[in-house]
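Trainee: Here's a structure for you.
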Amino acid sequence: MRDASWIQLRYRLLANLLLLSISFGAPSRLPAADAVLSAPTEIATVSNEESSWSPDGRRIAFDSDRGGKHFNIYVLDVASGKVMRLTESDADDITPAFSPDGRSIAFSSDRTGHNQIFVMDADGKHVRRATQDSSDDIHPSWSPDGKLIIYCSARGNPDQTAAAEGERYEIYTVRPDGSDDRRLTNLGGINTYPNYSPDGKSIAFRKVLPPKNSEVWIMNSDGSDPKNLTNNPAFDGWPFWSPDGSKIVFASNRNGAYDIYTMNADGGSVQRITDQHARCTSPKWAPDGKKISFDCSKDRHVGILMVDMP
């Protein structure tokens, strides 16, 4: 595995996303021209997280509590830095995901009492509910053809009040209009963050393994033939495919703090691409494959950073 020191990383804050909300010092290997975080400064406790690129790479959807005590969905225009609020609810609207055509955004919200999957137009209009159950449905993502939303659900829990070690999340798909809700996995335990490969043939996801382990797994699009890709005693998760399907980016604490890594789609050639000394998770590849955005948190603050790929 090659160390991050050989890679020329250029970190940039996504305009207006951090809102000066992170209190770290300058990211590692940050060139002087991009030295936005030049000194540790604590200004606010706003969190901005869970980025999702539009298919044309011009917009980034994310969730944030900048509007008050609840999280809502916002979208950033990358060129201008303008941020527009898309949802305004007294619930937590989180983990937005652009559809492949850029016209819709799926997200999870607890506005009904439990987290359910919702879909809205990309401008925040016409919010409609896609899942209809009394359990938590989270982590939506789209199939490449836009016909399905893949997500994970706790509806298989024998005890909905169970502690974490007794939880069960399986992976499901549903059509954006709420029809054809199907269960894909019966693996037991916690299976989250499902993500289709660009050709739609495979699904990467995170599987939590007892007692304190998590791995990146892969399976066929029908849920068959699940395999462990990372096979590491550390906590690996949050997988996301590269646009060409040749690699998967993920987060891991295998070197102490959580950092961002890439690997080949078969699990080989693992490379570390960040060295933040913080908790970096939820990486998302830009549609052109030239950038990766990710969440980075420290001292209660969460912000979205971006790294240019060599």
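Since every read-out is calculated from the coordinates, none of them should be taken as a lab result. None of these values were measured; they are calculated from a predicted model. Please note: Cβ atoms are built from the backbone with ideal geometry, for glycine as well, and neighbour counts cover all protein chains shown.
Trainee: Using the Karplus curve 6.51 cos²θ - 1.76 cosθ + 1.60 with θ = phi - 60°, what ³J(HN,Hα) values do you get for each residue of the stretch 203-215, in whole Hz, with x for Gly and Pro?
Mentor: Couplings: 10, 9, 7, 9, 10, 7, 10, x, x, 9, 9, 8, 10 Hz.
Trainee: Over the stretch 106-259, what portion of Cα pair distances is larger than 29 Å, expressed as a whole percent?
Mentor: Within the stretch 106-259, distances greater than 29 Å cover 16 percent of Cα pairs.
Trainee: Can you give the Rg to Rh ratio for the stretch 46-308, taking only C-alpha atoms and Rh from Kirkwood?
Mentor: Ratio of gyration radius to Kirkwood radius for the stretch 46-308: 0.93.
Trainee: Return the sequence-ordered ³J(HN,Hα) values of the stretch 270-275 in whole Hz as given by the Karplus equation 6.51 cos²θ - 1.76 cosθ + 1.60 applied to θ = phi - 60°, using x for Gly and Pro.
Mentor: 6, 10, 8, 10, 10, 8
Trainee: Can you run phi through the Karplus equation (6.51, -1.76, 1.60; θ = phi - 60°) for the stretch 258-265 and list ³J(HN,Hα) in whole Hz, with x for Gly and Pro?
Mentor: For the stretch 258-265, the Karplus-derived couplings read 6, 10, 9, 10, 10, 8, 5, 5 Hz, x marking Gly and Pro.
Trainee: Then there is this: R0 = 22 Å: FRET efficiency of Ser179 with Asn220, Cβ-based, nearest 0.05?
Mentor: According to the calculation, E is roughly 0.45.
Trainee: I need the P(r) histogram for the stretch 243-310: all alpha carbon pairs, bin width 10 Å from 0 out to the longest distance, whole percents.
Mentor: 21, 55, 22, 2
Trainee: Amide H of Ala130: which non-local residues (sequence gap of 5 or more, or other chain) have their own amide H closer than 5 Å, using H built in the peptide plane?
Mentor: It is Ile117, Phe118, Val119, by chain and number.
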